[in-house]
Amino acid sequence: MSEAIVNGVRLHYERHGRGEPVLLISGFALSSAVFEPVLALYTDRFECLLYDNRGAGRSEAPLHPTSMPELAADAAGLLTALGHDSAHVYGVSMGGMVAQELAISFPERVRGLVLAATTPGGPRALWPSLREWGALGGGVARTRSLAGALFSERFRREHPERVRELLRYFARHRATSRGAWWHWWAVAYHDTVSRLGEIQAPTLVLHGGEDALTPLGNAELLAERIPDAELVVIPGAGHAFPLERPEESARAVMEWMDRRPPIAPGRPRDGLAARYEPLTRAFGLPIGAMRTGASLFERTLRR
């Protein structure tokens with residue numbers, strides 16, 4: 001078991017494979033164990049850096065709430081702790097929210113950016129129904145509902161044993177109630193819609209065509225607003241499409257990489273935004289709430 005102290009918090013991490021580094025960021029209150037079923041598809045080409053976000057899995061859950069800016073600063077700090085100035089970044093679901101914030105606040109740390117099954121958040125995003133939110137909140141205690149939120153109806157019908165096997169990875173190293181609540185608040189006040197144009201990294205937006213938890217319109221919004229973005233939809237797949245359709249999902253990433261020259265990291269931010277990032281990070285939740293309020297006001301004006 002490997003651990004690093006990053007921004008004063010103990011984070012669990014793992015390293016697998018050889019090649020260009022890729023930082024894999026997992027979803028809401030989940031450990032990085034969810035990547036294990038598909039890891040072998042990536043380790044021949046990349047050094048895969050896996051870790052548990054603060055508040056999840058085997059990492060520490062501090063007593064105070066967290067925010068996307070703080071989670072992004074953890075990702076940047078972990079890269080430094082592991083001896084990498086930058087890496088490709090692959091974020092899934094909530095991990096994609098962290099990846100967006102990382103690319104905006106720390107562009108010099110991000111090479112290629114893969115945003116999978118995720119959303120820019122805020123009032124202008126599309127949100128799941130209460131049924132899907134309830135399934136996620138119920139976790140593995142409601143495995144049938146959770147399976148419905150994560151996988152397509154066809155996959156559940158045709159591969160029930162595989163669904164049960166995959167769900168076990170979601171149950172491993174479960175977050176504490178406190179950690180799950182802190183992630184909930186971070187998600188609630190995540191809103192990057194107005195800042196997506198600041199992302200310098202070439203971006204692949206990947207989404208399942210039958211995603212019930214994060215509607216497809218969110219991927220379309222990300223691809224529209226990020227300057228150098230390409231949208232690839234895995235038809236018929238659900239929210240957890242990297243697990244449901246692993247070979248097709250990995251092939252989409254490899255082909256996207258192959259069509260590009262070597263991807264360099266972005267330029268560091270300058271000015272007050274960069275200088276005061278540690279301070280604004282500490283107020284990530286109230287700043288997120290203000291951004292969300294501004295988005296709601298703008299949306300209201302457009303009606």
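The values are calculated or read from the model by the stated rules, or taken from the named source; none is laboratory data. Keep in mind that this is a model prediction, so the values were computed, not measured. FYI the Cβ positions are ideal-geometry reconstructions off the backbone, even for glycines, and counts take in every protein chain you see.
Return only the number of the condition from (1) assigned to a strand (DSSP E or B); (2) within 26 Å of Arg281 (Cα to Cα) that Val187 does not satisfy.
With respect to (1) assigned to a strand (DSSP E or B); (2) within 26 Å of Arg281 (Cα to Cα), Val187 is out only on (1).
Residue-wise test of (1) touching a Gly at 6+ places or on another chain (Cβ under 9 Å); (2) hydrophobic (A, V, I, L, M, F, W, C); (3) closer than 30 Å to Leu166 by Cβ; (4) in contact (Cβ under 8 Å) with a residue 12 or more places away in the chain.
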{"residue": "Ile226", "(1), (2), (3), (4)": "yes, yes, yes, yes"}
{"residue": "His239", "(1), (2), (3), (4)": "yes, no, yes, yes"}
{"residue": "Glu248", "(1), (2), (3), (4)": "no, no, yes, yes"}
{"residue": "Asp258", "(1), (2), (3), (4)": "no, no, yes, no"}
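Among the residues of the range 231-238, is any touching a Leu at 6+ places or on another chain (Cβ under 8 Å) and farther than 28 Å from Glu36 by Cβ?
No: zero hits.
Considering only the range 242-290, state which residues are more than 25 Å from Val6 (Cβ to Cβ) and among the charged types (D, E, K, R).
Glu244, Arg245, Glu247, Glu248, Arg251, Glu255, Asp258, Arg259, Arg260
In the range 86-104, how many residues are surrounded by fewer than 24 Cβ atoms within 10 Å (Cβ to Cβ) and among the hydroxyl-bearing types (Ser, Thr, Tyr)?
1
Let me confirm something: among Gly77, Gly83, which residue is assigned to a helix (DSSP H, G or I), of a type outside the set (Lys, Arg) and surrounded by fewer than 21 Cβ atoms within 10 Å (Cβ to Cβ)?
Gly77
Quick check on the range 26-66: of everything there that is assigned to a loop (DSSP other than H, G, I, E, B) and under 13 Å from the mean Cα position of the chain (by Cα), which residue is surrounded by the most Cβ atoms within 10 Å (Cβ to Cβ)?
Among residues in the range 26-66 that are assigned to a loop (DSSP other than H, G, I, E, B) and under 13 Å from the mean Cα position of the chain (by Cα), the one surrounded by the most Cβ atoms within 10 Å (Cβ to Cβ) is Asn53.
Do you know which of the residues in the range 185-226 that are within 16 Å of Ala117 (Cα to Cα), surrounded by fewer than 23 Cβ atoms within 10 Å (Cβ to Cβ) and among the small types (Gly, Ala, Ser) is modelled with the lowest pLDDT?
Ala212
Can you tell me which residue in the range 115-150 is modelled with the highest pLDDT, limited to those that are surrounded by fewer than 18 Cβ atoms within 10 Å (Cβ to Cβ) and within 20 Å of Ile234 (Cα to Cα)?
Step by step, filter the range 115-150, then rank; the result is Leu126.
Would you tally the residues in the range 7-25 being in contact with a strand residue (DSSP E or B) (Cβ under 9 Å, 6 or more places away or on another chain) and outside any loop (DSSP other than H, G, I, E, B)?
The qualifying residues number 13.
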